[in-house]
Amino acid sequence: MPNMMKSEQRQTLMWLSVGLVFLILLWLLTPVLTPFVAAGIIGYVLNPGVDWMERQRVPRALGVLLALTALGLTIAALVLVVLPVLSDQLPLLRERIPVLLAKIDASISPWLQQMRLGGRINIASMQKAIADKLTTGDALSPDMLTWLRIGGSALLGWAATLFLIPIVLFYLLLDWHRLYARLGDLVPRRWSDQVVQMANETDRLLAQYLRGQLLVMFLLAAYYSAGLAIAGFDIALPIGMLTGLLVFIPYIGFGLGMILAIFAALLQFDGWYGLLAVAIVYGVGQFIESFYLTPRLVGERIGLHPLTVIFALLAFGQLFGFVGILLALPASAILSVVFGHMRRHYLKSSFYNQS
């Protein structure tokens with residue numbers, strides 16, 4: 001009996017070590033996991049539709065192709081809506097930037113004079129200096145070459161990621177249930193029932209979150225686009241759609257959209273009207289999202305404390321970069337299920353109840 005216990009302990013220690021090594025490898029391979037993580041998230045959303053088509057006697061491979069085609073057409077429609085607006089408005093923005101710089105000069109120069117830090121900012125001289133720098137050989141300085149090399153590498157990396165996502169997504173959706181079953185077979189039999197229960201609970205939670213969040217994103221994109229258009233913004237559509245679609249990144253998406261709207265207001269409007277319009281549109285939008293859309297469509301069950309959300313964004317972003325930011329809330333939801341089971345087990349344990 002003692003030998004059997006020692007053998008079981010050695011096997012447990014060995015498999016725990018294997019699992020730890022696997023997690024370390026995943027962490028080291030974070031830079032190449034982006035297409036797989038993105039495909040997994042998209043596949044989780046699309047899989048119910050593929051399953052429905054399969055139940056209607058559509059071959060699964062054809063159903064996967066139809067789902068990918070629908071996704072591609074949706075993305076193409078969004079791009080075709082936004083790009084013409086940007087192409088029409090960017091020349092106007094280039095004309096208004098000098099006006100904005102003049103406004104900044106007029107606002108800052110008196111303050112600089114009061115602080116005895118200098119006179120007016122010569123915007124024309126700054127623009128001429130930049131143009132002269134770019135027309136000389138110094139433009140290709142080592143710093144500029146380094147920046148171009150890093151930017152080019154990042155661009156190639158994103159291009160490769162965008163190319164790989166549909167390929168990974170196709171094979172993932174094609175073998176979705178087979179992969180799920182293989183993962184289930186790896187769970188030790190003594191933990192099987194508990195793991196299945198946690199997996200089902202997590203599936204319900206993530207389904208409620210992801211599918212509800214998609215609907216919230218599209219509704220907010222329509223609201224911000226309409227609100228900014230009513231306020232008279234020339235580029236209401238792209239800013240509104242970007243703000244709505246970035247809502248899946250808590251605080252960051254909303255903040256980025258509001259900064260873009262403030263910048264557009266400074267470029268387009270004189271006085272305080274533009275800033276006041278941005279404050280009203282985005283304030284009402286945040287109220288609608290926080291107190292109506294998210295509770296009704298995503299559900300209170302996914303609700304995490306704001307401090308937990310901020311910590312999750314910082315922690316997962318630090319560990320896994322941009323992929324971590326995308327996974328912060330879904331991963332936190334999964335961890336909340338795991339910690340909930342651990343807490344119930346702890347409260348029932350003799351360690352807790354023993355006086």
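Hey, with R₀ at 25 Å, roughly what FRET efficiency would Ala279 and Phe218 work out to, going by the Cβ-Cβ distance, to 0.05?
Approximately 0.60, to the nearest 0.05.
In nanometres, what is the gap between the two model label sites at Ile252 and Arg343, each 7 Å from Cα along Cα-to-Cβ?
Calculated label separation equals 2.7 nm.
Taking R0 as 25 Å, what's the FRET efficiency between Ser336 and Val196 from their Cβ-Cβ distance, rounded to 0.05?
Using R0 = 25 Å, I get an efficiency of 0.85.
For a footprinting-style exposure proxy, rank Asp51, Asp185 by other Cβ within 10 Å, fewest first.
The most exposed by this proxy come first: Asp185, Asp51.
Want the number for Tyr352 to Leu29: 0.36 nm per residue separation, take away the alpha-carbon distance, what's left?
Difference between extended and current length: 112.3 nm.
Using 0.36 nm per residue, how much length does the chain from Tyr171 to Trp158 gain when fully extended, once their Cα-Cα distance is taken away?
Additional length available on full extension: 2.6 nm.
Just to confirm a number: summing +1 for Lys and Arg and -1 for Asp and Glu over residues other than Gly49 whose beta-carbon lies under 13 angstrom from that of Gly49, what do you get?
+1
Return Val337, Val58 ranked ascending by Cβ neighbour count within 10 Å, so the fewest neighbours appear first.
Ascending Cβ contact count within 10 Å gives the list Val58, Val337.
At Tyr292 and Phe263, where each label point lies 7 Å from the Cα along Cα→Cβ, what is the point-to-point distance in nanometres?
3.0
Could you put Tyr251, Tyr282, Tyr352 in order, starting from the residue whose Cβ has the fewest other Cβ atoms within 10 Å?
Listing Tyr251, Tyr282, Tyr352 from fewest to most nearby Cβ atoms yields Tyr352, Tyr251, Tyr282.
Every read-out reported here was derived from the displayed coordinates using simple, explicitly stated rules and does not represent laboratory data. Quantities reported herein were computed from a predicted structural model and do not represent experimental measurements. Neighbour counts run over all protein chains shown; Cβ positions are idealised from the backbone, glycine included.
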